[in-house]
1. So which of 575, 545 is assigned to a helix (DSSP H, G or I) and either farther than 30 Å from residue 221 by Cα or among the aromatic types (Phe, Trp, Tyr) (or both)?
2. If you check 488, 519, which single one turns out to be surrounded by fewer than 19 Cβ atoms within 10 Å (Cβ to Cβ) and not small (Gly, Ala, Ser)?
3. Could you tell me which numbered condition residue 19 fails, if it satisfies all but one of (1) without any contact (Cβ under 8 Å) to a residue 24 or more places away in the chain; (2) closer than 19 Å to residue 64 by Cβ; (3) among the charged types (D, E, K, R)?
4. Can you pull out the residues in segment 475-485 that are open to solvent by less than 100 Å² (accessible area, probe 1.4 Å) and closer than 13 Å to residue 574 by Cβ?
5. Test residue 199 against the criterion of being over 30 Å from residue 456 (Cβ atoms), of a type outside the set (D, E, K, R) and open to solvent by 20 Å² or more (accessible area, probe 1.4 Å), and give yes or no.
6. Determine, yes or no, whether residue 336 is assigned to a loop (DSSP other than H, G, I, E, B) and either touching a strand residue (DSSP E or B) at 6+ places or on another chain (Cβ under 7 Å) or not assigned by the TED database to the domain that holds residue 560 (or both).
7. State whether one or more residues within segment 205-212 are over 25 Å from residue 90 (Cα atoms) and buried (at least 16 other Cβ atoms within 10 Å of the Cβ).
8. Quickly run through segment 271-302 and pick out the residues that are of a type in the set (S, T, N, Q) and modelled with pLDDT of 90 or more.
Amino acid sequence: MALPVADLKKILVSGKIAEAKDLENFEKEAKEKKQNLADYLVAKQIVPEEKLFGLVSDFLQVPFVDLTEEKIPQEVLKIIPEPIARRHQVVAFRKKNNELDLAMTDPKDLQTTEFVKKKTGFIIKPFLASDAGMETALAQYHSNLKAEFEKILSSKKDEKLTGEAGGGETSELSKMAQEIPVVRVVDTLLEYAVFEGASDIHIEPQEKEVTVRYRIDGILHDVMTLPKLIQPALVARLKVLSNLKIDEHRLPQDGRFKIQTDQYNISFRVSTIPIFDGEKVVLRLLDESAKAVSFEELGFARSALAIIRRNLARPHGMTLITGPTGSGKSTTLYTVLSMLNTKGVNISTIEDPVEYRIEGVNQMQVNPKISLTFAMGLRALLRQDPNIIMIGEIRDRETAEEAVHAAMTGHIVLSTLHTNNAAGAVPRLLDIGVEPYLIASTLNTIVGQRLVRKVCQECKKAIKLDEKTVASLSQEFDLEHLLEIMKREEALPPKAKRITDLAFYEGSGCDKCNHTGYRGRMGIYEVLDNTEPIQKLVVSRATTSQIQAEAVSESMVLMWQDGFIKANQGLTTISEILRVTKE
């Protein structure tokens with residue numbers, strides 16, 4: 001039940017089910033058992049489930065429906081796709097003319113109600129449903145879907161998809177990929193992923209089923225379980241869409257396809273790999289209609305913003321964006337490109353793959369099959385009279401040396417490097433084999449970054465750190481130095497003298513953020529300026545810690561410090577900073 005605890009207590013007291021004092025104790029016991037109060041009261045038989053939902057129904061002025069006994073017609077159930085139904089706990093169970101009866105565990109969720117109304121065109125009548133009833137209704141999706149696929153495959157059971165009949169495996173799988181239920185399932189998976197703002201879709205075969213997970217704001221969420229028997233058809237459909245070899249199951253494959261509607265323009269990057277239980281498919285969603293954002297919108301602030309802008313204004317030299325996979329490096333690079341993209345310059349890129357199209361920029365994609373590597377592509381680009389060159393990633397010595405020489409001969413060079421922090425980029429280039437004097441003379445600036453989830457602005461609440469938490473954090477972070485940094489960055493509240501004086505925030509969970517407490521992502525950064533003292537350290541082949549110590553002495557704000565400042569400003573949480581900065 002999604003009803004706020006305060007409202008539930010009010011209902012139970014007014015209904016003379018329990019005293020307010022007793023409910024406080026019940027709430028504590030429920031928290032200890034990690035249950036919500038309603039489930040705990042029903043489990044302890046303090047209040048019968050029918051009685052409880054009857055009272056809640058009266059309070060909300062919404063009728064109650066018992067879905068445990070409801071046999072929902074398949075055509076009605078299918079009006080709302082299963083992923084949306086599961087995620088938002090909402091099921092269509094009855095339709096009459098242009099009216100749709102909608103069972104919900106939270107009838108006050110107006111956002112979901114409006115979404116269903118817009119998608120279906122029906123007049124929506126909400127009903128309150130119990131958690132048990134909702135699970136019973138949701139289970140009917142699985143049985144219906146399984147029955148559909150069993151029906152499709154029943155006529156082919158003798159062929160067993162091995163090519164023994166019907167023209168071989170390729171034609172058989174191609175035919176299956178065009179079957180209406182397979183098309184419907186794939187379309188549903190893709191549409192829902194776009195609706196939820198997912199960055200990736202993982203389709204993972206298990207021994208007896210197929211699990212579908214979405215990565216939303218950097219975290220994977222289980223959204224659907226499909227019967228194992230549909231796996232060949234599901235994978236075949238995705239291979240058809242992305243122009244991959246349908247009958248190749250032993251080797252990894254990569255492809256892409258695009259979906260354009262009035263609402264969005266999404267490119268899907270598809271990767272398949274063979275695993276023990278079948279083929280795993282991962283789809284990366286790239287929003288090609290997304291507009292370039294500013295440095296401020298990305299999360300750059302004050303000193304970091306000043307350093308990167310000053311260095312990008314220089315006529316030549318190299319800017320590196322560092323961080324692990326999925327830390328938003330490409331987004332930062334494209335933001336830089338968009339800022340530098342004027343009619344007076346020639347911009348060329350070599351990428352793997354081209355993720356976003358930028359008007360006016362010449363974008364080339366590597367192709368190892370024909371030996372078009374980063375290094376080869378870069379040499380070709382240099383003959384095209386570019387002012388600005390963007391290299392998707394520096395992976396080897398040949399590419400690194402070409403990039404350094406390009407920066408030395410009057411070009412602005414932008415690229416990414418996989419390191420844990422900004423200072424680690426220099427030793428990484430040295431390890432690859434680039435001469436230290438070349439790095440020192442061509443490098444302008446290095447940006448280290450991570451992505452953190454933003455705290456939901458609808459349900460965030462302020463908290464203060466207690467002494468025990470401060471002591472624990474102090475083992476990993478220099479909190480006294482943090483206060484000095486915040487003061488220098490003009491981010492320290494006037495009356496704050498100690499870390500315990502600062503307010504931080506966390507999300508309590510609401511409908512807007514799907515009860516996660518987070519909504520959207522932003523970057524935390526550290527920007528290393530290649531000053532003269534840093535250059536001397538580079539030439540002497542200094543270690544990462546030595547370079548970082550010098551940069552900090554020159555006022556570089558570290559990633560975790562930038563994160564704490566943003567947590568104090570109510571943009572993210574301390575737990576997010578801890579999650580992404582642990583090395």
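1. 545
2. None of the other options fit; the residue is 488.
3. (2)
4. Within segment 475-485, 477, 479, 482 meet the criteria.
5. Criteria not met by residue 199.
6. Values: assigned to a loop (DSSP other than H, G, I, E, B): no; either touching a strand residue (DSSP E or B) at 6+ places or on another chain (Cβ under 7 Å) or not assigned by the TED database to the domain that holds residue 560 (or both): yes.
No: the conditions fail for residue 336.
7. Yes, segment 205-212 has at least one match.
8. Here is the first cut: in segment 271-302, the residues of a type in the set (S, T, N, Q) are 271-272, 289, 294.
Those that are of a type in the set (S, T, N, Q) and modelled with pLDDT of 90 or more: 271, 272.
The values are calculated or read from the model by the stated rules, or taken from the named source; none is laboratory data. Fair warning: this is a prediction, and the values are worked out from it, not measured in the lab. Glycine gets a Cβ as well: all are built from the backbone with ideal geometry, and neighbour counts include every protein chain shown. Note: accessible area is taken over every heavy atom of the protein model, side chains too, but ligands, DNA and RNA are not part of it. Shrake-Rupley method; radii C 1.70, N 1.55, O 1.52, S 1.80 Å.
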